[in-house]
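Asker: Sharing a structure with you now.
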Amino acid sequence: MLDLSRAEDAAAVNSLRSAVMRLSRRLRHQRVDESLSPTEMSVLGTLSLCGSATPGELARKEHVQPPSMTRIVALLEAKGLVRLEPHPDDRRQKLVTRTERAETMLEESRRKRNAFLAGLVEGLDEEEWAKLRAAAPVLEKLAHL
């Protein structure tokens, strides 16, 4: 398995980290709404993927402190991108739900980023593209560990 004391493993991890960070940075610049922070976009993406959640659940999923998530949710609500609804089981809690406007914006953002990434992929040969297709599920798994 992985042994960072081996030069080839250390180099591979370093290369993967560097490539993922550069690609992520380039994709982040493909936003459709420049007024939203990357964290706000991430919260909307989480809501789109996982459905409604309490601010505490969102804070855990986004790896931020609950007070920070409260501020983020308030900003998104003020922009009309989320709404707070009563929790069905706990009247002390609220559920954060994305609005139709948020879903439309996310879909447009996904289209723009997918088109950008597709343009990059066109620069690959068939063998490189096949390797990247095969690696996609592994990268997805790493993203969620």
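Asker: Hey, with R₀ at 25 Å, roughly what FRET efficiency would ARG17 and ALA135 work out to, going by the Cβ-Cβ distance, to 0.05?
Answerer: Numbers: r = 15 Å, r/R0 = 0.59.
So, using R0 = 25 Å, E works out to roughly 0.95.
Asker: At 222 nm, what helix-only mean residue ellipticity would the chain give, in deg cm²/dmol to the nearest 500, using -39500 (n - 2.57) for each DSSP H run of four or more? Let's see the in-between values first.
Answerer: Details: 6 runs with 97 residues, N = 145.
Using -39500 (n - 2.57) per qualifying helix, the result is -22000 deg cm²/dmol.
Asker: In addition: Please sort 128-136, 93-101 by packing, taking for each peptide the average over its residues of neighbouring beta carbons within 10 angstrom, highest first.
Answerer: 93-101, 128-136
Asker: Give the angle, between 0 and 90 degrees and rounded to the nearest 10, that separates the Cα long axis of helix 100-121 from the longest principal axis of the Cα atoms of the chain.
Answerer: The helix 100-121 is inclined about 10 degrees to the chain.
Asker: Taking the chain as the reference, fit the longest principal axis to its C-alpha atoms, fit the long axis of helix 38-50 to the helix C-alpha atoms, and give the angle between the two in degrees, 0 to 90, nearest 10.
Answerer: 80
Asker: Could you work out which residue, out of GLU107, GLU62, GLU126, moves most in a Gaussian network model of the chain, that is, has the largest mean-square fluctuation with Cα springs under 10 Å?
Answerer: Largest GNM mean-square fluctuation: GLU126.
Asker: Applying the Karplus parametrisation 6.51 cos²θ - 1.76 cosθ + 1.60 with θ = phi - 60° to the phi angles of region 62-77, what ³J(HN,Hα) value in whole Hz is obtained for each residue in order, glycine and proline being reported as x?
Answerer: Going residue by residue, I get 8, 6, 10, 6, x, x, 5, 5, 4, 5, 4, 4, 4, 5, 5, 5 Hz, with x marking Gly and Pro.
Asker: Using only Cα atoms and rounding to the nearest 10 degrees, what angle (0 to 90) does helix 7-28 make with the longest principal axis of the chain?
Answerer: Orientation of helix 7-28: about 50 degrees from the principal axis.
Here, each number is a calculation from the coordinates, and none is a lab measurement. In this text the structure is predicted, and so the values were computed from the model without any measurement. Every residue, glycine as well, gets a Cβ built from its backbone with ideal geometry; the counts of neighbours run over all protein chains shown.
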